[in-house]
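Asks: Okay, here's the structure, questions in a sec.
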Amino acid sequence: MKIGVVRFPGSSCEVDCLEAWRLVGEDPVMIWHQETSVKGFDLIVLPGGFSYGNYLRPGSIARYSPIMEDVIRFAKSGGLVWGISNGFQILTECGLLPGAFLRNVGLRYICAPQYLRVENSDLPFTNQYEKGRLIQIPISHGEGNYTIDDEGLKRLQDNNQIVFRYVNTDTSGNPNGSRDNIAGIVNKEGNVLGMMPHPERAVEEIIGSVDGREMFLSILKHWEGRSQGGA
Amino acid sequence: MEPKIWRDMGLSDDEYQRIEKLMGREPNFLEVGIFSVMWSEHCSYKTSKPVLKKFPTEGPQVLQGPGENAGIVDIGDDLAVAFKMESHNHPSAVEPYQGAATGVGGILRDVFTMGARPVAVLNSLRFGPLTEENNKYLLDGVVSGISGYGNSIGIPTVGGDVYFHSSYNGNPLVNAMAIGLLEHKDIAKGVATGVGNPVMVVGAKTGRDGIHGATFASVELSEEAQPPAVQAGDPFMEKLLMEACLELIQSGAVVGIQDMGAAGLTSSSSEMASRGNSGIEMELSLVPCRETGMTPYEIMLSESQERMLIVPQAGREKEVEEVFARWGLEATVVGRVTDDGMLRLLEKGRLVAEIPVKALTDEAPVYHRPSQEPDYYQKLKNTKLENIELKDSAENVLLALISSPTIASKEWIYRQYDYQVGTNTVVAPGGDAAVLRVRGTSKAIAMTTDCNSRYVYLDPYIGGILAVVEAAQNIVCVGAKPLAITDCLNFGNPERPEIFWQFEQACAGVAEACRALNTPVTGGNVSLYNETLGQAVYPTPMIGMIGLLEDLGQVLKNQLSSEGEQLYLVGEAEGELAGSEYLARFEQLEAGSLPEPDLKEIKKRLDFILEGNKQGLLLAAHDISEGGLAVCLAEMTINCGAEIDIKSGNELKVLFGERLGRIIISVAKEKTAALETLAQKCHIPLTHLGSSKGKNLRIKVGGQECLDVPLSQYRPLYESTIRKIMEG
């Protein structure tokens, strides 16, 4: 599978994403934001971090990076796009996903382990999970409070576009005030996913959790099925 | 020249005379300004130098000792760790967010300047009690500043320490430590050599912020003190600068590189020339400025952030420009290296300053300040503590101690720091020391910051020893071997003999412990004049220590995880009341005579823990520090209770007495025999305490049940105290 991770100025999780893909045996490449084509790629990852310092609004400047025009074209033609944290914010800014972000309730940055419920396991990104499974994937953001209007929310719910919700365990719950406890959503077509938690930080026991691994394996599984089907 | 001019810049009359003599003429305004910052305590170490000379700085592991932007130690496999700690106390007192943020930015530059990629930041913070609104405001602002800068630049903030004490009212301490990884071949230095090589300013433009910041850092804070504009940090700019600098260093085009920190262009250019035994000539009109009409004086003294001075090989200027342009940054040739030993400054071709470089650096005055034992020392030392008894039930004392902000969990703070980015954080904040794996190897590095300033106040020499011992214990408790330290020496006004005495004594203690534990000092920072309205902070020689784990798989936790783990105490059961949290809290007394630690014995115990871990005998380890054995056990039993039986001893001294050199370890049942044998072989006092069991912490002393608390009662207190205070 040909995987590209876009590096914007100010990105900080791009190397972590590369390493996570390497752990499942892939050989991903970094794409500099000033490039203009993602031709030939099977998956584009928009990583976390502070693209352009998150000045103005998180993701609002990165969406104008030269590479984004082709990422949008790629997504619209059915290509897989995965935005994590700042990547999710960029996806809402460029209109590939609905909604927007506010500062966390409490107005503080939060870095902590977090429980999520897998709400939709019928996607290229989540097929290795069981629906309803609780997984622990850390969050790390200051502006992860997802918001959307009533109509938009209803559409997300009706189309089964809510992929992950924040859930309660002993201490955690909705950490940031997100509407309907939303932690991750997918577009209507199911090929563009945005999520605030960081699955690339949950791929090894030694760093605290392995619950994120299935996302990487899901994508590979989906890809194998597709490429075999296509052959 | 009017004396008012140099006096306002912080120079004494004697110092001005010295300048005239060194120059052989009357200096102009700009030249006096340059001398004043270079001879400030912050840049010249004029007071501390004679004392710092006594630190051990050498060892086979040391690749770079004091004198550079950061120290470097070898960790094998051709890899090395660069690290350094620095204070940003006064800016943080004035503007906590920007003060702390730029503290982080500055220390990161010190590390990537050496060619190392920063992998972690730690912060050592001291505030007045949180019962006062201003201290809450300062804590909130400082934590936000660290979070805002560190998170944005994408380097994990993985640890540190925080204490609250009234001596820090109005003068908080904000010390930041950065750690970087590099290959031996990439070590870069702050030298200007090679006549004709260009001198380039890179990164942010120069503005009027922070002019005379170094001088401000070297005076007491008072109500009238006019602080300069505290510098504003731009982590995005710094991230670009970091990536560009590391890329450039790897290209091999760099002869020398230095951060423009305190005293900006002045200190970077003169220090680089001084180390290179060369001169530097600069045309100041070429320096990219953010504001119009900046004078040579303002350009030379600006402390605008996120700038570096680079000397590349002649002919490779274009390469430098291209690397920086790729990251959207400017790189501008502003001068060249000469061989005449002068710092020569021109403004549109007109000579505006010409100073022998060595006059600014090596010829700076050195003061041997008078030193005098303060009156309080003997008085507190001789305070009788024999009749002190347990004031309340042991349960209530434990709950009170564990919910005091200094001891309670710092989760409210570190939750605001991205401690995971980089996905190398193996032991996150909350452990005894932070642990980061070194990718591509089986190794990990451990790091911690420590200093109990109450001990240092009561006995600066012993307190200095204990600061290093505590750091080493924390490193050993995660399974790592202590390698070296950096320090940040925070004291009051050294012109007062009793403060200078504290400084001398504490440094002697630090030196002694570093020799005994084989952890040389590789650099650091001195922050004097930490006083508000004539009141000095407690003497606080902060220690930042680095350790190495050869095998990442052998990292130790500090908490029990399942029933049936066997608990052992390494060391004595009883501690001392002198300087203890118990005494401070329940007797409102900070007094007593601290016993001099037996460093040989402590080293032996630490080596025993390392050996036991190497043999795979240990599950967890936690050192006994503030609050004593009961607090240590409570912290270890946050997830799983324990039943402890201590055969004999005074209840108060066993439960809440403090004495460093004691560590509690947990061992699997089947490994106990091997552990006991090893202890005998190494002549280690090892006592079986009990085992993990149930959901309560139960402690018997001398056959008497004296404490039985459900962890459902102390865990929430431990975890929520600071959050409740800060958020209500």
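The values are calculated or read from the model by the stated rules, or taken from the named source; none is laboratory data. Quantities reported herein were computed from a predicted structural model and do not represent experimental measurements. Glycine gets a Cβ as well: all are built from the backbone with ideal geometry, and neighbour counts include every protein chain shown. Surface accessibility is based on the protein's heavy atoms, side chains included, excluding ligands, DNA and RNA. Shrake-Rupley method; radii C 1.70, N 1.55, O 1.52, S 1.80 Å.
Asks: For the structure I just gave you, tell me whether residue B:92 is over 22 Å from residue B:271 (Cβ atoms), open to solvent by less than 10 Å² (accessible area, probe 1.4 Å), in contact with a helix residue (DSSP H, G or I) (Cβ under 8 Å, 6 or more places away or on another chain) and touching a residue at least 40 places away in the same chain (Cβ under 8 Å).
Replies: Against the criterion (over 22 Å from residue B:271 (Cβ atoms), open to solvent by less than 10 Å² (accessible area, probe 1.4 Å), in contact with a helix residue (DSSP H, G or I) (Cβ under 8 Å, 6 or more places away or on another chain) and touching a residue at least 40 places away in the same chain (Cβ under 8 Å)), residue B:92 qualifies.
Asks: Examine region B:631-650 for a residue that is open to solvent by less than 10 Å² (accessible area, probe 1.4 Å), of a type outside the set (A, V, I, L, M, F, W, C) and closer than 30 Å to residue B:382 by Cβ, and state whether such a residue exists.
Replies: no
Asks: Farther than 23 Å from residue A:199 by Cβ and assigned to a loop (DSSP other than H, G, I, E, B), is that true of residue A:57?
Replies: For residue A:57, the condition - farther than 23 Å from residue A:199 by Cβ and assigned to a loop (DSSP other than H, G, I, E, B) - is met.
Asks: Based on this model, can you work out whether residue B:370 counts as in contact with a Lys or Arg (Cβ under 7 Å, 6 or more places away or on another chain) and either modelled with pLDDT of 95 or more or surrounded by fewer than 22 Cβ atoms within 10 Å (Cβ to Cβ) (or both)?
Replies: No; evaluated as a whole, the condition is false for this residue.
Asks: Being within 14 Å of chain B (Cβ to nearest Cβ) and surrounded by 15 or more Cβ atoms within 10 Å (Cβ to Cβ) is true for just one of A:222, A:198. Which residue is that?
Replies: Unique residue meeting the criteria: A:198.
Asks: What do you reckon, is residue A:63 assigned to a loop (DSSP other than H, G, I, E, B) and either under 15 Å from residue A:81 (Cα atoms) or basic (Lys, Arg) (or both)?
Replies: no
Asks: Next up: Go through (1) in contact (Cβ under 8 Å) with a residue 60 or more places away in the chain; (2) within 31 Å of the chain's Cα centre (by Cα); (3) under 30 Å from residue B:505 (Cβ atoms) one by one and return the number of the condition residue B:18 breaks.
Replies: Failed condition: (2).
Asks: If you scan region B:243-253, which residues turn out to be more than 11 Å from every other protein chain (Cβ to nearest Cβ), in a helix (DSSP H, G or I) and open to solvent by less than 10 Å² (accessible area, probe 1.4 Å)?
Replies: B:245, B:248
Asks: Something else: Do we have any residue at all in region B:346-364 that's modelled with pLDDT of 95 or more and in contact with a Pro (Cβ under 6 Å, 6 or more places away or on another chain)?
Replies: Yes, region B:346-364 contains at least one residue that is modelled with pLDDT of 95 or more and in contact with a Pro (Cβ under 6 Å, 6 or more places away or on another chain).
Asks: Which pairs do you get when a residue that is in a loop (DSSP other than H, G, I, E, B), found in region A:72-84, comes within reach of a residue that is surrounded by 14 or more Cβ atoms within 10 Å (Cβ to Cβ), reach meaning Cβ atoms under 7 angstrom, with the pair 6+ apart or on two chains?
Replies: Qualifying pairs under 7 Å: A:78/A:191; A:79/A:44; A:79/A:191.
Asks: Condition check: surrounded by fewer than 22 Cβ atoms within 10 Å (Cβ to Cβ), modelled with pLDDT of 95 or more, farther than 16 Å from residue A:187 by Cβ and away from chain B (no Cβ under 12 Å). Does residue A:77 satisfy that? Explain how you work it out, then say what you get.
Replies: Working: surrounded by fewer than 22 Cβ atoms within 10 Å (Cβ to Cβ): yes; modelled with pLDDT of 95 or more: yes; farther than 16 Å from residue A:187 by Cβ: no; away from chain B (no Cβ under 12 Å): yes.
Against the criterion (surrounded by fewer than 22 Cβ atoms within 10 Å (Cβ to Cβ), modelled with pLDDT of 95 or more, farther than 16 Å from residue A:187 by Cβ and away from chain B (no Cβ under 12 Å)), residue A:77 does not qualify.
Asks: Here is a further query. Quick one: which of B:586, B:608 is hydrophobic (A, V, I, L, M, F, W, C), on the phi < 0 side of the Ramachandran plot and open to solvent by less than 20 Å² (accessible area, probe 1.4 Å)?
Replies: None of the other options fit; the residue is B:608.
Asks: Out of all the residues in region A:130-153, which are among the polar types (S, T, N, Q), within 14 Å of chain B (Cβ to nearest Cβ) and surrounded by 21 or more Cβ atoms within 10 Å (Cβ to Cβ)?
Replies: Residue satisfying the conditions is A:140 alone.
Asks: Residues of region B:131-148 being in contact with a strand residue (DSSP E or B) (Cβ under 9 Å, 6 or more places away or on another chain) and charged (D, E, K, R), which ones?
Replies: The one that is in contact with a strand residue (DSSP E or B) (Cβ under 9 Å, 6 or more places away or on another chain) and charged (D, E, K, R): B:136.
Asks: Filter region B:379-401 for residues that are crowded, with 21+ Cβ neighbours inside 10 Å and either out of contact with any strand residue (DSSP E or B) (no Cβ under 6 Å at 6 or more places or on another chain) or within 14 Å of chain A (Cβ to nearest Cβ) (or both) and give the result.
Replies: B:397, B:398, B:401 - these are the residues of region B:379-401 that are crowded, with 21+ Cβ neighbours inside 10 Å and either out of contact with any strand residue (DSSP E or B) (no Cβ under 6 Å at 6 or more places or on another chain) or within 14 Å of chain A (Cβ to nearest Cβ) (or both).
Asks: Inspect region B:26-34 for any residue being over 26 Å from residue B:303 (Cα atoms), modelled with pLDDT of 95 or more and out of contact with any strand residue (DSSP E or B) (no Cβ under 6 Å at 6 or more places or on another chain) and give the result as yes or no. Show your work before the answer.
Replies: Narrowing region B:26-34 to residues over 26 Å from residue B:303 (Cα atoms): B:26.
Next, only the ones that are modelled with pLDDT of 95 or more stay: B:26.
Checking the rest, the ones that are also out of contact with any strand residue (DSSP E or B) (no Cβ under 6 Å at 6 or more places or on another chain) come to B:26.
Looking for residues that are over 26 Å from residue B:303 (Cα atoms), modelled with pLDDT of 95 or more and out of contact with any strand residue (DSSP E or B) (no Cβ under 6 Å at 6 or more places or on another chain), one finds at least one in region B:26-34, hence yes.
Asks: Can you pull out every residue in region B:430-444 that is of a type outside the set (S, T, N, Q) and surrounded by fewer than 22 Cβ atoms within 10 Å (Cβ to Cβ)?
Replies: Start the filter on region B:430-444 by keeping residues that are of a type outside the set (S, T, N, Q), which leaves B:430-440, B:443-444.
Within region B:430-444, B:430, B:438, B:439, B:440, B:443 qualify.
Asks: A further question on this structure: What tally of residues in region A:37-61 results from selecting those that are under 17 Å from the mean Cα position of the chain (by Cα), more than 12 Å from chain B (Cβ to nearest Cβ) and open to solvent by 10 Å² or more (accessible area, probe 1.4 Å)?
Replies: Final tally of qualifying residues: 1.
Asks: Of (1) without any contact (Cβ under 8 Å) to a residue 60 or more places away in the chain; (2) closer than 19 Å to residue B:418 by Cβ, residue A:162 satisfies all except one. Which?
Replies: Here residue A:162 clears every test but (2).
Asks: Out of A:84, A:90, which single residue is under 12 Å from the mean Cα position of the chain (by Cα), at pLDDT 95 or above and within 14 Å of chain B (Cβ to nearest Cβ)?
Replies: Details: A:90 fails: within 14 Å of chain B (Cβ to nearest Cβ).
The unique qualifying residue is A:84.
Asks: Exactly one condition in (1) more than 14 Å from chain B (Cβ to nearest Cβ); (2) touching a helix residue (DSSP H, G or I) at 6+ places or on another chain (Cβ under 7 Å); (3) closer than 21 Å to residue A:84 by Cβ is false for residue A:212; which is it?
Replies: (1)
Asks: Filter region B:655-687 down to residues that are part of a loop (DSSP other than H, G, I, E, B) and of a type in the set (A, V, I, L, M, F, W, C) and give me whichever is farthest from residue B:709 (Cα to Cα).
Replies: We begin by selecting, within region B:655-687, every residue part of a loop (DSSP other than H, G, I, E, B); these are B:657, B:659-662, B:668, B:683-685.
From the residues that got through so far, the ones that are of a type in the set (A, V, I, L, M, F, W, C) too are B:660, B:668, B:684.
Details: B:660: 25, B:668: 24, B:684: 31 Å.
Going through the qualifying residues, I end up with B:684.
Asks: Here is a further query. Among the residues of region A:107-129, which ones are assigned to a loop (DSSP other than H, G, I, E, B), in contact (Cβ under 8 Å) with a residue 60 or more places away in the chain and within 12 Å of chain B (Cβ to nearest Cβ)?
Replies: Scanning region A:107-129 gives A:113, A:114.
Asks: Still on this structure: Right, residue B:564: open to solvent by 20 Å² or more (accessible area, probe 1.4 Å) and under 27 Å from residue B:693 (Cα atoms) or not? Before you say what the answer is, go through the steps one by one.
Replies: Details: open to solvent by 20 Å² or more (accessible area, probe 1.4 Å): yes; under 27 Å from residue B:693 (Cα atoms): yes.
So residue B:564 passes the test.
Asks: Could you check how many residues of region A:1-36 are of a type in the set (Gly, Ala, Ser), open to solvent by less than 10 Å² (accessible area, probe 1.4 Å) and facing chain B (nearest Cβ under 10 Å)?
Replies: Counting residues in region A:1-36 that are of a type in the set (Gly, Ala, Ser), open to solvent by less than 10 Å² (accessible area, probe 1.4 Å) and facing chain B (nearest Cβ under 10 Å) gives 3.
Asks: Also, I was wondering about something else. With respect to residue B:285, determine if the residue is assigned to a loop (DSSP other than H, G, I, E, B) and not acidic (Asp, Glu).
Replies: Answer is no for this residue.
Asks: Which one of these is assigned to a loop (DSSP other than H, G, I, E, B), within 14 Å of chain A (Cβ to nearest Cβ) and closer than 24 Å to residue B:624 by Cα: B:404, B:409, B:442?
Replies: B:409
Asks: Then there is this: Exactly one of (1) in a helix (DSSP H, G or I); (2) open to solvent by less than 10 Å² (accessible area, probe 1.4 Å) is unmet by residue B:447. Its number?
Replies: Residue B:447 satisfies every listed condition except (1).
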